[in-house]
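Notes follow once the structure below has been shown.
Just so it is clear, none of the values below were taken in a lab; they were calculated from the coordinates. Owing to the predicted nature of the structure, the values given are computational and were not obtained by experimental measurement. In this analysis, Cβ positions are derived from the backbone assuming ideal geometry, glycine residues included, and neighbour counts consider all displayed protein chains.
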Amino acid sequence: MALNLDAVGKKLGPVTKDYNWKDVVLYALGVGAGFSDLDYCYEKNLKVIPSFSIATIFEFLSLYAANSNINLAGILHGEQDLIFHQPIPIEGTLTTEGKISHMYDKGENKGALVIGESETRHSNGKKLFTSIITLFSRLDGGFGGEAAPKEKFEYPAREPDFEITETPSLDQPLLYRLSGDVFALHVDTEFAKMAGFEKPIMHGLCTYGYSCRALVHSLVPGEPEKVRRLKCRFSRTLFPGDPIKIQIWKTQANIAVWKTINAKTGETVINNGIFEFGDIPKNEIRFNDQVAVITGAGGGLGRIYALELAKRGAKVVVNDLGGSRDGSGTGSATPAEKVVEEIKSFGGEAVANYDNVASPEGGENIIKSALEAFGTVDILINNAGILRDKSFIKMEPENWQTVIDVHLTGAFNVSKPAFKVMREKGFGRIVMTTSAAGLYGNFGQTNYSSAKMGLIGLMNTLKLEGKKYNIKVNTVAPIAASRLTKDIMPPELFEKMKPEFVSPLVLFLCSSGCEANGNIYNAGMGFFNRVSVVTGSGTTIGDGDNPPAIEDVVDNYDAISSLNNGKVYFELNEQVGDAMNAFSAPAQTDTASDQKIASAAAIFEAMPNAFNAEAAKDVDVIFQYHISGDGGGDWNCVIKDGTCNINSGNHEKPTCTLKMADMDFVDMINGVLPSMQAYTSGKLKIEGDIMKSQLIEKLFKL
Ligand code: NAI
């Protein structure tokens, strides 16, 4: 028997479950609630213990086990993570869909991990919670699969902030099993003995429920609706009747780490606990199971990006070479290490990296750190930066080059290996960091402004190359208090410029729900706006055949310079297309639509009248058209000695052949679809002498 690797990614469910207040109360009693917790047990003002959620989707444990073909003799519920998107109502119908998201190999005789993820919606239409279950199989290791990501978890080195002792009754499993997990191990002594235990054991998820109650009681008393996440690892079995101690350390304003120990033996039964709490934001954005790389994250803005991403579930590579503000000196590991410690203190996952972004090896190593620690890269924030300000006249080549190397070449060095991983997995979010100095100019920063504007160019093309792989590339120009801006900004402003005012937008651009691609934003002090390269609608000068004179430019200067009716182009071809069609574009009059040609056949009929004999004087060419679709057909067009013959059907020796769908062809001729765009988007295919096809626009004025 071997793990069924094909099961990864396949949809499981939907599974629906109706529940009412009695199910909610039965669960509460099963996890030790009573008169002291009457809110959980009395239908008047009833509240739901959030861990009830897992009891409602218990079936998914079996679905993951059955579909992965895991060896049932060696299976354990290893970890449980519940992320809450909405408070749990006291009744309704739940619909859950899930999938096995990963299978990891811990090695021969070490076991394997099967990770199952599900989302549950309520009949009120809202997404209620996400569950991530890790099944540990002792007997399936060594199948040659991907190595399990390393997880490092540390508790603060101080006494817990809260400690709650509870003693589940000797009969507790008999009550808990009525909420769904009726496995004989928790009720049948003979079965328990066969499994190697002297008597039936507690359900791990029952102890989890006790822990949840204790966490709510300590951190959000009377407000279970404020539980946002409950994660843990099950480490030891517990017998009914043994007292437990839930130890809790509050590590951030809304995060605590916790563990549950057997108060009799001192053994830890639940480990690596994370509890997040507070008001649940509408449509909360999470980064669970995503890996983020942030360069220059040892301080300033990068540190806040790293902390915020980790708080929302991302695994983070904190890169920083720990250099001075101007990039001189040898650097120090301390800033990156400190940020990693901060992340771990609230139960987050992070590793430090000290490589220099300015070298290609540095870039490779940064991404290698992510792959080694966490197996992938989903998010990259190119943030590392230095300053070497000088007026242009005093700017030495070294100060020019070093700044370009860190900002622009640095982003190239790290993005390249990251892009490779993202392309393979079909997902990626990259954020570049530009500056108002680049976008608009700032005295004494020619080096910095050039590097920062170069990043816009890098984004503009990367956004196109990543588009079909769901890799979105955007850019932020922050304004924030940091050591870079300390002596540039007035002190009173400096106080108001916390990096926390920038990070929400940057994190949004990193999220999988973000569809923006190629956008630039200013962000700082709570103010956000979009920046763009705007192209004026422009004007034509002359006839397009003869170059205009300089004086003509002067005469038309206002129209050339005007940004009225400006356009934002997504790519080069749109601008080139407009330029190429500037003379042939239909006049923008009210009657223009009446003049449009409606079908391919009508176009070929109109062609002889649109023929420009003068332009065809020395031209000898045969165009073959294959127009597909209902209004399509084959036509050829023979041009020789200033004459034009249009025939239906195929020519034996066309100079070039153009293939297109009928409606695209109609749009192209009517000027709705620029020909260059039609060609680059694949709507127009040209075979034979491509260069000759460029004559068409000159030869016909349709
Ligand atoms: P910061 O100096 O606090 O952070 C930059 C970090 O990058 C430092 O920790 C530094 O050690 C690290 N770093 C420098 N060179 C590196 C290299 N070669 N390899 C790896 N790490 C390196 O400054 P701040 O303000 O947080 O800047 C972050 C980014 O935001 C920079 O790209 C900066 O140009 C940009 N920015 C900041 C503005 C602000 O108002 N703070 C304004 C506009 C842009």
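Entry note, the chain: the mean residue ellipticity at 222 nm calculated from DSSP H runs of n ≥ 4, each adding -39500 (n - 2.57), is -8500 deg cm²/dmol after division by the residues and rounding to the nearest 500. Spin-label model, LEU170 to ASP487: label points 7 Å out along the Cα-to-beta-carbon direction sit 7.6 nm apart.
Principal-axis analysis of the Cα atoms of the chain puts helix 600-610 at an angle of about 30° to the longest axis. If one takes the longest principal axis of the Cα atoms in the chain, at what angle in degrees, from 0 to 90 and to the nearest 10, does the Cα axis of helix 21-30 lie? With both axes taken from Cα atoms, the answer is about 50 degrees. Cross-link partners of LYS99 among aspartates and glutamates, defined as those whose alpha carbon lies under 14 angstrom from its own and excluding same-chain residues fewer than eight positions apart: ASP6, GLU59, GLU117, GLU119.
Were the residues from GLU571 through SER681 laid out at 0.36 nm apart, the gain over their Cα-Cα distance would be 38.5 nm. Annotation note: GluC sites (Glu not before Pro) in the stretch 184-256 located in DSSP loop regions with a Cβ neighbour count of at most 13 within 10 Å are GLU198. Taking θ as phi - 60° and the Karplus parameters 6.51, -1.76 and 1.60, the scalar couplings of the stretch 390-401 work out to 6, 5, 4, 5, 9, 6, 7, x, 5, 6, 5, 5 Hz in sequence order, x denoting glycine and proline. For the listed residue pairs LYS394/LYS416; LYS463/LYS567; LYS47/LYS126; LYS127/LYS311; LYS11/LYS127, the alpha carbons are over 25 angstrom apart in LYS394/LYS416. How high is the relative contact order of the chain? Use alpha-carbon pairs under 8 Å, at least six apart in sequence, and give a whole percent. The normalised contact order for the chain reaches 7 percent.
Taking trypsin sites (Lys or Arg not before Pro) across the stretch 58-123, the ones in a DSSP loop with at most 14 further Cβ atoms lying within 10 angstrom of their Cβ are LYS110.
Inter-label distance, SER599 to LYS390: 7.2 nm, where each label sits 7 Å from its Cα along the C-beta direction.
The count of lysine pairs in the stretch 593-699 that are at least 8 places apart or cross chains, and whose C-alpha atoms lie under 16 Å apart, stands at 10.
Arranged by the count of other C-beta atoms within 10 angstrom, fewest first, what order do TYR625, TYR469, TYR155 take? Going from least to most buried by this count: TYR469, TYR155, TYR625. Between ALA549 and ALA610, the FRET efficiency estimated from the beta carbon spacing at R0 = 25 angstrom works out to 0.30. The calculated FRET efficiency for ALA253 paired with ILE560, based on their beta-carbon distance and R0 = 56 Å, is about 0.50. Checking every one of the GluC sites (Glu not before Pro) in the stretch 429-522 against DSSP loop status and a limit of 16 other Cβ atoms within 10 Å picks out GLU515. Averaging Cα coordinates gives a centre for the stretch 442-491 and one for the stretch 307-355; these two points are 21 Å apart. Near THR189, once Lys and Arg are set to +1 and Asp and Glu to -1 for all other residues with Cβ below 14 Å from its Cβ, the sum equals -2. With both labels modelled 7 Å from their Cα along Cα-to-Cβ, the LEU38 to GLU495 distance reads 5.0 nm. Against the chain, whose longest principal axis comes from its Cα atoms, helix 360-374 is set at around 40 degrees. Partner aspartates and glutamates whose Cα lies under 14 Å from the Cα of LYS199, excluding those fewer than 8 positions away in the same chain, are identified as ASP171, ASP188, GLU190, ASP242. Neighbour counts of other Cβ atoms within 10 Å put VAL406, VAL672 in the fewest-to-most order VAL672, VAL406.
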